[in-house]
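Working notes for the structure below.
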Amino acid sequence: MDFFKTIPLHMDFEGQHRAEKLSRIIITVFGLVGLVWGYIIQQFSQTVYILAAGFLLTSILTIPPWPMYRKKPLKWQPARDIDSNSKDSNKGKKKK
Amino acid sequence: MHSVLQRGNSILAYTLSFLAFLTFCCFVSTVFLNYSTGTNLKAVKVLVKNVPDYSASREKNDLGFLTFDLKSDLSSLFNWNVKQLFLYLTAEYKTPNNELNQVVLWDKIILRGENAVLDFKNMNTKYYFWDDGNGLKGNKNITLTLSWNIIPNAGLLPNIFGSGSHSFQFPIEYTTSRM
């Protein structure tokens, strides 16, 4: 079980933004190319297949949290000592 | 977008929305096309009988028999938004009882990719040509028309009447011998 816990599953905020943008671009481009190609050969099924290919590519590229989506992790403040003032530590948490 | 499931959900939802948009584009690209074309129809052998209609009133009604020739090239009707054609042949006529009678005599389904160049000689009708009385004997103006439904991938289900009808008349005598 410990091995599974070491697999990183999260993206940082920048990474989430990039993943969403990338997925929209890939699906849109594949869909439009599929529409043009399907119109040329007059087969709407080809349009659907090309869109499905775009969906698969997007799934591979943006669903797993690849390292390129974890380049800008949040810089957390260093943890305070438990002994210090409790009011200050609350303020610090809110800022995050 | 922060978990694997959320990203999967978001991508799938966007893909399906985009598929709906593409389907709409497909519909728009064909909605203004003209699906009419010429047909060449001819009634060959025509006779009329007076027999009891057991499926209805058991009274003696007129039953028409005919064979027809049909020649038409429908391959121009197919495009990426047409899955199949439903062809049907109707006879239209007027009787003293009814201003307008329409009887479907024959039909055929043509899937896309099948042979759409029709050339039938001396075809029998598929369905009985019953009149609800004695309106067929000696009727001088029976009009055969080939019509079709376009069954699309997405969009409207237009009903098109082929240009090129054929009119014929029934004999003035009943045929009594067995066919």
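If I fit a long axis through the Cα atoms of helix A:13-41 and take the longest principal axis of the Cα atoms of chain A, what angle between them do I get, 0 to 90°, rounded to 10? It is inclined by approximately 0 degrees.
Partner shielding of A:59-71 amounts to 2, given as the average count of beta-carbon atoms from other chains within 10 Å of each residue beta-carbon.
Mind checking B:15-28 for the average number of partner chain beta-carbons within 10 Å of each residue's beta-carbon? Mind dumping the intermediate values first?
Values: counts 11, 2, 1, 11, 8, 0, 4, 10, 4, 0, 7, 6, 1, 0.
The shielding value for this peptide is 5.
The angle between the Cα long axis of helix B:4-30 and the longest principal axis of the Cα atoms of chain B comes to about 40 degrees, rounded to the nearest 10. In chain B, helical runs assigned H by DSSP with n ≥ 4 each contribute -39500 (n - 2.57); averaged across all residues and rounded to the nearest 500, the mean residue ellipticity at 222 nm is -5500 deg cm²/dmol. Cα axis of helix A:86-95 to longest principal axis of chain A: angle in degrees, 0 to 90, nearest 10? For helix A:86-95, the angle is close to 20 degrees. Dipole of the protein assembly as shown computed with +1 at Lys/Arg Cβ and -1 at Asp/Glu Cβ about the Cα centre; of A:PHE44, B:VAL103, A:PRO8, farthest Cα towards the positive end is A:PRO8.
In a simple Cβ point-charge model (Lys, Arg +1; Asp, Glu -1; nothing else charged), the protein assembly as shown has a dipole of about 1540 debye relative to its Cα centre. Each of B:ASN61, A:ILE25, B:LEU144 was scored by the projection of its Cα onto the charge dipole of the protein assembly as shown, and the greatest displacement toward the positive side belongs to A:ILE25; charges sit on the C-beta of Lys, Arg, Asp and Glu.
Per q in 0.07, 0.17 Å⁻¹, report the Debye log10 I(q)/I(0) for the protein assembly as shown, using one uniform scatterer on each alpha carbon and no solvent. Log10 I(q)/I(0), no solvent term: -0.52, -1.22. By the Cα gyration tensor, chain B has an equivalent ellipsoid whose semi-axes, rounded to whole angstrom, run 47, 18, 14 from largest to smallest.
How big is the dipole moment of chain B about its Cα centre under a simple scheme where the beta carbon of each Lys and Arg is +1, that of each Asp and Glu is -1, and everything else is neutral? Debye, nearest 20, please.
On the way: 16 positive and 13 negative charges, 60 e Å.
It comes to approximately 280 debye.
In terms of overall dimensions, the C-alpha atoms belonging to chain A reach 73, 32, 17 Å along their principal axes, ordered largest to smallest. On full extension, the segment bounded by B:ASN97 and B:ASP119 gains 4.4 nm, given 0.36 nm per residue less the C-alpha separation.
Read the figures in this text as sums done on the coordinates, not as results from a lab. The shown structure was predicted, so the numbers you read here are calculated from the model rather than taken from an experiment. Backbone-built Cβ (ideal geometry, glycine too); neighbour counts: all protein chains shown.
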